[in-house]
Each structure stands twice: as structure tokens, then as C-alpha cells.
Amino acid sequence: MAVPIKNNKRKAEEMLQAWRAEMNDEIQEKVMARKTSQAYGGGIRFTRYLADWLKMMKPSVEATTYAAYEMTIMHKIIPYFDKTHPNLPLREVTAKHIQDYYTYELEVNVISPNTVIRRHANIRKALQYAYKTDLIKTNPADKVQRPKKNPFESIPYNGEEVEQLFKAVKGTDLELGVILAAFYGLRRSEAVGLRWDAIDFDRKVITIRHTVTQARVDGKFTEIAKDRTKTKSSHRSLPLVPPFEALLMKLKQKQAENRELCKKAIVRNTATMCM
């Protein structure tokens, strides 16, 4: 971009400073990449790198995402490579190594192609960072042939199976959650995460906007609550029909009685229904 010579010294200085800042950012990125490469000394094992990459990712992803990464990498991918290719250097990983792993999972462990595709995404992402930081010259995962994705086909319960389910949970703490999930088509996380502030008894509406899931993080099972649904389209409002309104009012009255009975001994979280 050309800058007029006269009466524009300030503009030229601003452009020069912006250019210098951009160059400094590029230099800093290259320096960090070089330091990462030097820290490993070019001889890091592939499985050690995967474990280190996983630790690095933990602060930057959601707990549920990290839990999925950890389960796949620490309990599936690393054990395979430690057994079949012990001490395999990161720089010597080839597309054949990765392809053999996918074949093993498909033919020996008989897992679904969709699961292999998800594991491929983890491996490729980890190796892409290694490529970006100059630990490897190319990403071997880019040369791998992924299996063909199988379309998801849901198999809903028939009437008889639903009746059997209702009988099995009748009178238990699970009854209301199961009935709500069956009638409204809720995910488990949505049924468990249903809160009182999502129920409008005046307008006769239930709004699905909270979820609660359980994930294993660093070897411990943890409940993860979110004030949002899995997807934007999952955030929805449903009619509160009379039978469920009666059940919910009964539950709310029971919780109020428990709070009065237990007083300070009860955990007070009035927003959550605690089914």
C-alpha cells in the first residue's frame, strides 16, 4: 500500500510499527517451534509425544472433549503402539504404521469404522501439531486411507419394550427421568440436567437448555454440567402435558418437604431437579 510522501509521516510510522509487530509474531512462533523441537532432541518416542500432546491440550478443550481424547489415546492408541512398535521414534512414524493400527482395530477388535474415523482425527491432530512445530517433516496421517463411514441407524424401542422398561423403573428414583426421556425424546444428559428454572408451570412449557454428563477425567469419574445443549437445534421448548405436570409438582413438593426436614444438612441447589 503506497503512502503519500507529504504530510503523512505519522501514517507511515503506524504502518511500519504494524509491519514490525507482524514480523515479531512470526519470529516468536518460529522460535517457540524451534525450542519445542530442541526440547525433544529429535528422538522422542511416538507414544511419549502423544501423552505430552494430550497434557498440552487439556487446558484448551472442554472436559468432555478431553475425556474422549484421554480414553482414546491413553487406553487404545498408546497401548497398541507400545506393544507392536515399542520405542518407535516420532520422526519414523509412517502411514503404514497408522494404517496397520486401523486394520487391527477393524479386524481383530471388530470396532466400527466410525470409531476408527474418530481415532484417526485424534492421531492426525496430534501429528499436525508435531508438523507445525518442526518435529516431523510431513504428517503421515494425511496419507492414510480412512474406512468408509457407516450411516447411523437408530433402533427405537417398540411398545412392548417401553412397557417393560417402565415396569423395571417403577417406584425407583429413575422412574420420572425415564418416563420424561421416553415421552419427550430427551437425551440422557438432557433428562438428568432438567432444572426447575426450565419449567414454566404458568405457560405449560418445558425448555431444554441444560445438560449433565459423566466423564472419566484423569482416572476419576466426574459430573460435567453445562448451561447449553449438545447442539443449537437441541435447545427447544416442549409442551408440559397434564400427566407430567402432576408428576413434577409432586416431586417439587417432596423436595420442599425434604429441605424443611433436613434443613442445613441438605445440599441446597434449588435450580437442579436431582432426579
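Go through (1) modelled with pLDDT under 65; (2) in a helix (DSSP H, G or I) one by one and return the number of the condition M74 breaks.
(1)
Of the residues that make up the range 217-240, is at least one touching a Cys at 6+ places or on another chain (Cβ under 9 Å) and modelled with pLDDT under 85? I'd like the intermediate steps shown before the answer.
Taking the range 217-240 as the starting set, the residues that turn out to be touching a Cys at 6+ places or on another chain (Cβ under 9 Å) are none.
No: the range 217-240 contains no residue that is touching a Cys at 6+ places or on another chain (Cβ under 9 Å) and modelled with pLDDT under 85.
Restrict the check to the range 166-185 and report whether at least one residue is of a type outside the set (S, T, N, Q) and either in contact with a strand residue (DSSP E or B) (Cβ under 8 Å, 6 or more places away or on another chain) or farther than 21 Å from P243 by Cβ (or both).
Filtering the range 166-185 for residues of a type outside the set (S, T, N, Q) gives 166-171, 173-185.
Still in the running and either in contact with a strand residue (DSSP E or B) (Cβ under 8 Å, 6 or more places away or on another chain) or farther than 21 Å from P243 by Cβ (or both): 184.
Among the residues of the range 166-185, at least one is of a type outside the set (S, T, N, Q) and either in contact with a strand residue (DSSP E or B) (Cβ under 8 Å, 6 or more places away or on another chain) or farther than 21 Å from P243 by Cβ (or both), which makes the answer yes.
Give the number of residues within the range 199-209 that are surrounded by fewer than 18 Cβ atoms within 10 Å (Cβ to Cβ) and under 13 Å from L238 (Cβ atoms).
Let us first name the residues in the range 199-209 that are surrounded by fewer than 18 Cβ atoms within 10 Å (Cβ to Cβ), namely 200-205, 207.
The next check asks that each one be under 13 Å from L238 (Cβ atoms); those that pass are 200, 203-205, 207.
Of the residues in the range 199-209, 5 are surrounded by fewer than 18 Cβ atoms within 10 Å (Cβ to Cβ) and under 13 Å from L238 (Cβ atoms).
Mind listing whichever residues of the range 119-170 are in contact with a Ser or Thr (Cβ under 7 Å, 6 or more places away or on another chain) and either among the basic types (K, R) or surrounded by fewer than 10 Cβ atoms within 10 Å (Cβ to Cβ) (or both)? Even if it seems obvious, please write down each step before you answer.
The first filter runs over the range 119-170 and keeps only residues in contact with a Ser or Thr (Cβ under 7 Å, 6 or more places away or on another chain), leaving 119, 122, 131, 133-135, 140, 150.
The one that is in contact with a Ser or Thr (Cβ under 7 Å, 6 or more places away or on another chain) and either among the basic types (K, R) or surrounded by fewer than 10 Cβ atoms within 10 Å (Cβ to Cβ) (or both): R119.
Considering every residue within the range 119-129, establish whether at least one is among the aromatic types (F, W, Y) and in contact (Cβ under 8 Å) with a residue 40 or more places away in the chain. Break it down stepwise before answering.
Looking only at the range 119-129, we keep the residues that are among the aromatic types (F, W, Y), and these are 129.
Restricting the remaining residues to those that are in contact (Cβ under 8 Å) with a residue 40 or more places away in the chain gives 129.
Yes, the range 119-129 has at least one match.
Select from the range 94-118 the residues that are touching a helix residue (DSSP H, G or I) at 6+ places or on another chain (Cβ under 7 Å) and assigned to a loop (DSSP other than H, G, I, E, B) and write down the one among them that is modelled with the highest pLDDT.
Ranking the candidates gives T94 first.
Inside the range 77-93, can you point out the residues that are farther than 15 Å from L127 by Cβ and in a helix (DSSP H, G or I)?
Selection gives P79, Y80, D82, K83, T84.
Looking only at the range 139-192, count every residue that is closer than 30 Å to F46 by Cβ and either β-branched (V, I, T) or part of a helix (DSSP H, G or I) (or both) and tell me the total.
Keep residues of the range 139-192 that are closer than 30 Å to F46 by Cβ, which gives 139-150.
Remaining after also requiring either β-branched (V, I, T) or part of a helix (DSSP H, G or I) (or both): 140-144.
Residues flagged as closer than 30 Å to F46 by Cβ and either β-branched (V, I, T) or part of a helix (DSSP H, G or I) (or both) within the range 139-192 amount to 5.
Please enumerate the residues belonging to the range 90-112 that are within 17 Å of N150 (Cα to Cα), loosely packed, with under 15 Cβ neighbours inside 10 Å and in contact (Cβ under 8 Å) with a residue 12 or more places away in the chain.
S112
The values are calculated or read from the model by the stated rules, or taken from the named source; none is laboratory data. Keep in mind that this is a model prediction, so the values were computed, not measured. As a convention, Cβ positions derive from the backbone with ideal geometry for all residues, glycine included, and neighbour counts pool all protein chains shown.
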